[in-house]
Amino acid sequence: MTFVSTVGHTPCVVGSFPALQGGAVATAPASATQVWPGLPIAVTWGEWRPREFRTVACPEVQLLLIGQCAAGDAQLRADLATALRRDRLELVTWWPGSYLAIVATEEKLVAFVDLAGQYPLYYHPGERLTFGTSPVPTAMASGAGLKTDPLVAAAEIFCGAVPMLTHGLTPVRGLRRLEAGEALQVTARGAVSRWTHADLAPDQRLSLGEAAGALRESLEIAVSTRTAIGHVSTDFSGGFDSTSIAFLAARHLSAPLTAFVYHHPDAPADDLDHAVRNAGLSSKIQLEIVPGTSATLPYRNLGASPPTGLPDFAAVTHERNHLRLRHVAATGEGVHLGGEGADALVVAPPAYLGDLASERRIRQLLADSGAWARLRNESPAHVLSRAIQLSRTSRRRALHAYARRLHRLDTHYPSWVDAISWWPSPGPESSWLTIGARRALVELMHDHADRVRQTPQDGGVADFTARNDLRRSGAVQQQLSEMARPYCVWPQAPFLDNDVVRACTALLASRRASGTVFKPLVRTALNEVIPAAALDRRSKGNYLGEDYRGARIEAAGLRKRVSASPLADMGLIEPSAVRSSIDRAVLGADTPFPALNRLIAYDLWLRSME
């Protein structure tokens, strides 16, 4: 399938290196301007937010920052000169914030992506490397055409928990993505190299107390620098993460902080009671309730979903998200803080139990296995058995096992205990695949298994899973940020700042987990600045009730959409199988909503690109 598109309100940088003759990008609009006067390798267009797009020039070197960087221009120039003199350009990634950094000289161009992947770089290698901050304009500028890669689409929809399958790839054929913590260099002679500039390897010697101190300091800087630049509001779901950010922000403001909690009266997610209680702990937090309605349920008004550069896996909830943004915008333009990313950073996935077995930390393994079993109504022996089994399973073996299960359609609805693994087994959505698409995914799995490499510096299985969860959080935050542009609101997530990410991932995932203490790392870090009562909640808001209600109301439209989906035209899905899952959702039966939402996101994206 071939498609052409421009995407909404998103500003863009596109360039090539070595420079094109004349220094122009043929597909750029007439309003485009050079990023660096005198160095005609990149142009920009569109309306950037204040301080989102920053350039700095020093003798013989130019710097572009896109994102959130708290350093002043004088510090940027001084540190850039030092990085060039010492031939350590990666030093430009150490300023507070989260941003894409591109360093350019006449001899080379080097790009560094932030540690969460909020600000990726897209590129197309060739005689000249084409690069850009938005996927579609970058692909168009490369001249290679815009065609969908069906295998990438299938892997993202059906194997989203197995990150290496699509690492560095996009669903636009030939267009690559520089991922979280990665760097790219291209020289004047056209030599291209790519590497990890920040591997986030844990420090085996670091204690919980030391990591908590680093987290407290970095999170304090991340929040205080944002409250100092203008109007700020926050999420306030009553959960651990947004509550922490709100209390930190309120400490730096003279006026009350406006904090927002979403609540659907017909499908409550257990957030409102916690939010009201926590807001009552501080006179500086002014709680605003955002009430959901039938019109803001998932799957409503999908045809109005705005086009996005890549599939937006939150597209099915766009009405709810727009509702929240409208309420935030009504309080004034500015920065809106949330807790995105904390779940990946301050708590370990259940796979940490396998790491405890590998590390022979038997006492904690037994205690935590029993505690989680009681909490999740599982057999302690079953939990312990899964942990021991995981400790004996390599990443390569896990890939081969997944491929075999997918080939046999050995699938089931996942439970909590299934997360004690490298990744959960194939789910019931695998039955949606055509025979050909399933065979192609199985071959892709086996191929990656044969090439996989694992080094001791990678940490444990939980560290691997947490890094993948962090990248997903970065992608979620990026899509939310783009959605918010028309509202003159800038959603930001302090937990995704580079320094905060470094502070958390330096501690082994198995040491930031406990079967008896919820999120011990952030609890230890913030126990002196946040009321103890605000840290009591152990649950998260569950929006599954809204999913079922929305699916029932929109069932006819969903069936029609699936029947005519471009994914079926591409030979990836059997529409009748997907319709059967929609029928199950209408009846209130178990439904693989995450996979359904990814499928619909791809359907919307493909239609918008036609």
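FYI, it's all coordinate maths here, none of it is from the lab. This structure is a prediction, so every number in the text was calculated from the model and none was measured. Positions of Cβ are backbone-derived with ideal geometry, glycine not excepted, and every protein chain shown enters the neighbour counts.
Taking amide H as placed 1.01 Å from N in the peptide plane, the amide H of ILE573 sits under 5 Å from that of THR434, ALA568, each at least 5 places away or on another chain.
In plain terms, the chain from ASN301 to ARG194 could stretch by 34.4 nm, reckoned as 0.36 nm per residue minus the Cα-Cα distance.
The order of the peptides 80-90, 266-276 by mean Cβ neighbours within 10 Å, most packed first, is 266-276, 80-90.
Ordering 157-167, 291-301, 375-385 by mean Cβ neighbour count within 10 Å, with the highest value first, yields 157-167, 291-301, 375-385. Between the residues LEU366, LEU297, THR331, the greatest Cα displacement towards the positive end of the dipole of the chain, with unit charges on the Cβ of Lys, Arg, Asp and Glu, is found for LEU366.
The modelled label-to-label distance for the pair ASP418/ALA532, using points 7 Å beyond Cα in the direction of Cβ, is 4.0 nm. With each label modelled as a point 7 angstrom along the Cα→C-beta vector, the THR55-ALA577 pair spans 5.1 nm.
For the range 12-196, the alpha-carbon radius of gyration amounts to 1.01 times the rule-of-thumb value 2.2 N^0.38 Å expected for a compact globular protein. At full extension, ALA81 and LEU206 could sit 41.7 nm farther apart than now, given 0.36 nm per residue minus the alpha carbon distance.
The fewest-to-most ranking of VAL92, VAL110 by surrounding Cβ atoms within 10 Å reads VAL110, VAL92.
Across the chain the C-alpha pair distances fall into 20 Å bins from zero in the proportions 19, 56, 25, 0 percent.
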